[in-house]
Amino acid sequence: MRNLLLNPVLNKEFKLRFRSFKGFLGLAFYLLALSILIIGFIYLDTRNSPMGLFRPDQSRSMFMMLSFIQMGLILFITPGLTAGVISGEREKQTLNILLTTNQSSTSIILGKLISSVSFLLLMIVASMPIYSIVFLFGGISPGQVVTILGYYIFTIFAFGSIGIFFSTLIRRTIIAMISTYGVTLFLTAGTAFLYAISMSVNQMGMATNNPVPYFFAMLNPMMNLLGFLEPDAFRELSSQSGVGIDFPLWAAYLISYTIIFLVMLMISIRKLRPNMKVRSKE
Amino acid sequence: MIEIIDLTKKYGKFTALDSLNLTIEKGTVFGFVGQNGAGKSTTFSILATLLSPTSGTAYINGHNISKEPKTVRSQIGYMPDFFGVYDQLKAVEYLDFYGASYGISQSERSKLIPQLLELVNLTQKQDSYVDVLSRGMKQRLCLARSLIHDPEVLILDEPASGLDPRARVEMREILKELKNMGKTILISSHILPELAEMCDSIGIIDQGRLVAEGSVNEIQQRLRGEKLIIAKLYRELDRAVNFFEDQPLVSQLAKRDDGESLQFMFKGSVEEQVQMLKNALLHDIPIVSFSEIETNLEDVFMEITKGVELS
């Protein structure tokens, strides 16, 4: 941990990222937009309510809406923030010099990952007080808010590692960016689509105890978020569809994305520098 | 000390570096001369552990680049031919970042950085953003960066390229100072006279092969004692190659790009030259023309790098 805090790449990136005023302006706009959205939601809801009240179940709906918006934001921004960090250094011709220093590949990759997602993390953390408005109206416990925050951070790092992976392996940023967005799209929209198809196969009775939908749902961050927010509804849907797996979906999500995260980072670390060992072919 | 043994780098069928052998003693300045694409940057990238060799190896101060890349990195200061800088970093912060990357403590860095900036005449620019510095200043800053961990070996790939005459002179003065500090310096350029001034030894590389090597004096003496001869042939080039290869006074025999002539260095008297030509004709070598080229240092480089050495 001490090494991580003393990571020169991380320190330098923090300095560069938070030096400009533009970053803070962007953050202010984001928080403003989120506040307007919440106030608008509450305003419309109380206006349409016959008693002019904002009930706990409506507060819960608002929390769910905000959670999905934030998750959409994470899935949209993370690839853009991470897919250019190594290839961008390569294109700017600064990577070679960095690689001749004593910094380990692990330190460089971790420093780049943390620094690239740091602004997004700041945005998420900064939005927490706005989120907390829901406590005024009930329906959501502080534990749920903290769980969602943890879930966001985990998802940011998991999808960030995919961006770092492509950025390390692919020389050109634009290609790395397209590849990362492609994989992210598959893991979100692709898995949801395949889940829907495999569920309909199960519901038509063409297969019994078919676990395929579960595996697609396990990889989908939006469905997992739904599982967090509405666990009973999700469980019922699964049991009706003959999936036949009782293992908690969130646990499967954590395990599968931890594996993805570790594999992506390990490959990135190994591939950052060339293997200097001579491969004798002659 | 740098020791390069049979270093080869191939990209598919293309050989960028072909069995390079070279020893550079501690404290010497070795100039690596060659045209663009001759293999200089490939050699430097391998020595800087940025590129893996196809075969062969190299040692930096006795450390194998393939087996101990981390140790090698701590012993070298590398300056690539093309490099970028981070926007929004000041000159001091730039050096501080690399100092931290080499594990130098904050207190040591704050003592070292002013000294380095003074060495490269950039003290006045310490608070300037790196991306707004002139090219010459960026080159000097990059040189200061390569010195931050006090490496014994400096690998400088065309440090003076793209600089105006004044900046070149400044760079040369800094390199002289580094030489006086006892650093082992491997420096490349495609301009031979530029290196001859500051190098103890030079090596000429062409198409991935080291075609000439020695001290500047040796090469200059060789030029005075040797003649560069070009023999144009009417077919049977290979038979001519075999004939000239067997001649004891012939060295650096090479086929020229035109595919119908040979070039070689001849070390002998005029009588011996006449005798060799007579012998060639007696062996039915179809020589169309046999001419001696007037040479200076630059000409030799130009002539040597036209062909591929055979012996």
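The values are calculated or read from the model by the stated rules, or taken from the named source; none is laboratory data. Computed from a predicted model, the values in this text were never measured in an experiment. Counting neighbours? That spans all protein chains shown, and the Cβs are built from the backbone with ideal geometry, glycine included.
Looking at region B:98-112, which of its residues are crowded, with 23+ Cβ neighbours inside 10 Å and either in contact with a Pro (Cβ under 6 Å, 6 or more places away or on another chain) or more than 11 Å from chain A (Cβ to nearest Cβ) (or both)? Talk me through it step by step, then tell me what you get.
Kept after step one, since they are crowded, with 23+ Cβ neighbours inside 10 Å, are these residues of region B:98-112: B:98-99, B:101.
Scanning region B:98-112 gives a single hit, B:S101.
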* Checklist (1) modelled with pLDDT of 80 or more; (2) surrounded by fewer than 17 Cβ atoms within 10 Å (Cβ to Cβ) applied to A:S49, failing item -> (1)
* Going by the structure shown, is A:L34 part of a helix (DSSP H, G or I) and either at pLDDT 80 or above or within 13 Å of chain B (Cβ to nearest Cβ) (or both)? -> yes
* Asked: Do you know which residues across region A:229-272 are modelled with pLDDT of 80 or more, buried (at least 17 other Cβ atoms within 10 Å of the Cβ) and among the polar types (S, T, N, Q)?
  -> A:S268
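Would you pick out the residues in region A:96-150 that are in a loop (DSSP other than H, G, I, E, B), of a type in the set (S, T, N, Q) and more than 14 Å from every other protein chain (Cβ to nearest Cβ)? Walk me through it before giving the result.
As a first pass, look at region A:96-150 and keep what is in a loop (DSSP other than H, G, I, E, B): A:100-104, A:127, A:132-133, A:138-141.
Subsequent filtering for residues that are of a type in the set (S, T, N, Q) retains A:100-104, A:127, A:132, A:141.
The answer is A:S127, A:S132, A:S141.
Can you report the number of residues in region B:29-48 which are surrounded by 18 or more Cβ atoms within 10 Å (Cβ to Cβ) and either part of a loop (DSSP other than H, G, I, E, B) or not aliphatic (A, V, I, L, M) (or both)? Quick ask: steps written out before the conclusion?
Initial filter on region B:29-48 (surrounded by 18 or more Cβ atoms within 10 Å (Cβ to Cβ)): B:29-34, B:38-48.
Subset that is either part of a loop (DSSP other than H, G, I, E, B) or not aliphatic (A, V, I, L, M) (or both): B:30-32, B:34, B:38-45, B:48.
Of the residues in that region, 13 qualify.
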* Asked: Of the residues that sit in region B:38-76 and are in contact with a strand residue (DSSP E or B) (Cβ under 7 Å, 6 or more places away or on another chain) and without any contact (Cβ under 8 Å) to a residue 40 or more places away in the chain, which one is nearest to B:T8 (Cα to Cα)?
  -> B:I46
* Structure fact -> Residue hits (region A:128-165; surrounded by 23 or more Cβ atoms within 10 Å (Cβ to Cβ) and small (G, A, S)) are A:G160, A:S161, A:G163
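Condition check: of a type in the set (K, R), in contact (Cβ under 8 Å) with a residue 24 or more places away in the chain and more than 14 Å from chain A (Cβ to nearest Cβ). Does B:K125 satisfy that? Working first, answer last.
Values: of a type in the set (K, R): yes; in contact (Cβ under 8 Å) with a residue 24 or more places away in the chain: yes; more than 14 Å from chain A (Cβ to nearest Cβ): yes.
Yes, satisfied.
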* Only residues that are free of Cβ contacts under 8 Å to residues at least 40 places away in the same chain and not hydrophobic (A, V, I, L, M, F, W, C): list them for region B:178-213, please. => B:N180, B:E194, B:E197
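When the residues of region B:20-36 are filtered to those that are touching a helix residue (DSSP H, G or I) at 6+ places or on another chain (Cβ under 7 Å) and not small (G, A, S), which remaining residue is farthest from B:L154 (Cα to Cα)? Step through it out loud before you land on a result.
Going residue by residue through region B:20-36, those that are touching a helix residue (DSSP H, G or I) at 6+ places or on another chain (Cβ under 7 Å) are B:20, B:29, B:31-34.
Applying the additional criterion that residues be not small (G, A, S) yields B:20, B:29, B:32-33.
Numbers: B:L20: 19, B:V29: 9, B:F32: 13, B:V33: 16 Å.
It comes out as B:L20.
State the number of residues belonging to region B:133-152 that are closer than 22 Å to B:G162 by Cβ, surrounded by 13 or more Cβ atoms within 10 Å (Cβ to Cβ) and more than 14 Å from chain A (Cβ to nearest Cβ). Lay out the reasoning, then the answer.
To start, the set of residues in region B:133-152 that are closer than 22 Å to B:G162 by Cβ comprises B:133-147.
Still in the list and also surrounded by 13 or more Cβ atoms within 10 Å (Cβ to Cβ): B:133, B:136-147.
Now narrow it down to the ones that are more than 14 Å from chain A (Cβ to nearest Cβ): B:133, B:136-137, B:140.
Of the residues in that region, 4 qualify.
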* Test result for A:Q93, on the phi > 0 side of the Ramachandran plot, more than 22 Å from the chain's Cα centre (by Cα) and polar (S, T, N, Q) -> yes
* Asked: Which numbered condition trips up B:Q35, out of (1) more than 19 Å from the chain's Cα centre (by Cα); (2) in contact (Cβ under 8 Å) with a residue 24 or more places away in the chain?
  -> (1)
* To do: Select from region B:268-283 the residues that are under 17 Å from B:R235 (Cα atoms) and either outside the structural domain of B:V250 (by TED's automatic domain parsing) or touching a residue at least 24 places away in the same chain (Cβ under 8 Å) (or both) and list them in ascending order.
  => B:A280, B:H283
* Asked: Restricting attention to region B:49-96, and to residues there that are closer than 28 Å to A:F14 by Cα, among the small types (G, A, S) and surrounded by 21 or more Cβ atoms within 10 Å (Cβ to Cβ), which single residue is nearest to the other protein chains (Cβ to nearest Cβ)?
  -> B:G77
* Return only the number of the condition from (1) under 29 Å from A:S20 (Cβ atoms); (2) of a type in the set (D, E); (3) not in a helix (DSSP H, G or I) that B:D96 does not satisfy. => (3)
* Residue by residue through region B:185-205, note down the ones that are modelled with pLDDT of 80 or more and out of contact with any Gly (no Cβ under 6 Å at 6 or more places or on another chain). => B:I185, B:L186, B:S188, B:S189, B:D200, B:S201, B:G203, B:I204
* **Verdict on B:D6 being surrounded by fewer than 16 Cβ atoms within 10 Å (Cβ to Cβ), in contact with a Gly (Cβ under 8 Å, 6 or more places away or on another chain) and not aliphatic (A, V, I, L, M)** => yes
* Does region B:59-75 contain at least one residue that is over 19 Å from B:I202 (Cα atoms), of a type in the set (G, A, S) and either at pLDDT below 90 or in a loop (DSSP other than H, G, I, E, B) (or both)? -> yes
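Residues being assigned to a helix (DSSP H, G or I) and either of a type in the set (K, R) or within 9 Å of another protein chain (Cβ to nearest Cβ) (or both): count how many of those fall in region A:58-94.
Within region A:58-94, the first condition is being assigned to a helix (DSSP H, G or I), and the residues that meet it are A:58-82, A:85-91.
Pick out the ones that are also either of a type in the set (K, R) or within 9 Å of another protein chain (Cβ to nearest Cβ) (or both) and you get A:60, A:89-91.
The qualifying residues number 4.
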* Asked: Can we say A:N275 is at pLDDT below 90, of a type in the set (S, T, N, Q) and within 30 Å of B:K10 (Cα to Cα)?
  -> yes
